[in-house]
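Trainee: There's a structure below that I have some questions on.
The values are calculated or read from the model by the stated rules, or taken from the named source; none is laboratory data. Treat the numbers as computed from the prediction; the structure is a model and nothing was measured. Here the Cβ is made from the backbone with ideal geometry for all residues, glycine too, and neighbour counts use every protein chain on show. SASA here: full protein model, heavy atoms, side chains in, ligands and nucleic acids out. Shrake-Rupley method; radii C 1.70, N 1.55, O 1.52, S 1.80 Å.
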Amino acid sequence: MISFTSQERKALILVAEQNGRIIGYVRGSIGRRPYYVRERETIVFVDDLFIKKIYRRQKVGEQLLKKLF
């Protein structure tokens, strides 16, 4: 996992690996909710999600998203 912080949001990049090779990643950020979202004080934004084609439909993306949230 790689994380960094800007003034507005904390950004995270989570990487999925198999046998030492990267097979996918999700890039997201955690920040204050926009004025039009009422449910939570903070909110998670998913900026990118990529899984190599041969690993799709194997719940790799689902696992990455669960870790992000």
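Trainee: Condition first: part of a strand (DSSP E or B), open to solvent by 60 Å² or more (accessible area, probe 1.4 Å) and either of a type in the set (Val, Ile, Thr) or closer than 12 Å to Leu68 by Cβ (or both). Now tell me which residues in segment 47-57 satisfy that.
Mentor: Asp47, Leu49
Trainee: Cβ-Cβ below 8 Å, separation at least six or inter-chain, first residue in segment 55-67 and more than 14 Å from Val26 (Cα to Cα), second open to solvent by less than 50 Å² (accessible area, probe 1.4 Å): which pairs?
Mentor: Tyr55/Ala16; Tyr55/Ile23; Tyr55/Gly24
Trainee: Looking only at segment 27-46, filter to residues that are in contact (Cβ under 8 Å) with a residue 24 or more places away in the chain and open to solvent by less than 90 Å² (accessible area, probe 1.4 Å); which one of those is nearest to the chain's Cα centre (by Cα)?
Mentor: It comes out as Gly28.
Trainee: Looking only at residues in segment 1-26 that are at pLDDT 75 or above and open to solvent by 90 Å² or more (accessible area, probe 1.4 Å), which one is nearest to the chain's Cα centre (by Cα)?
Mentor: Lys10
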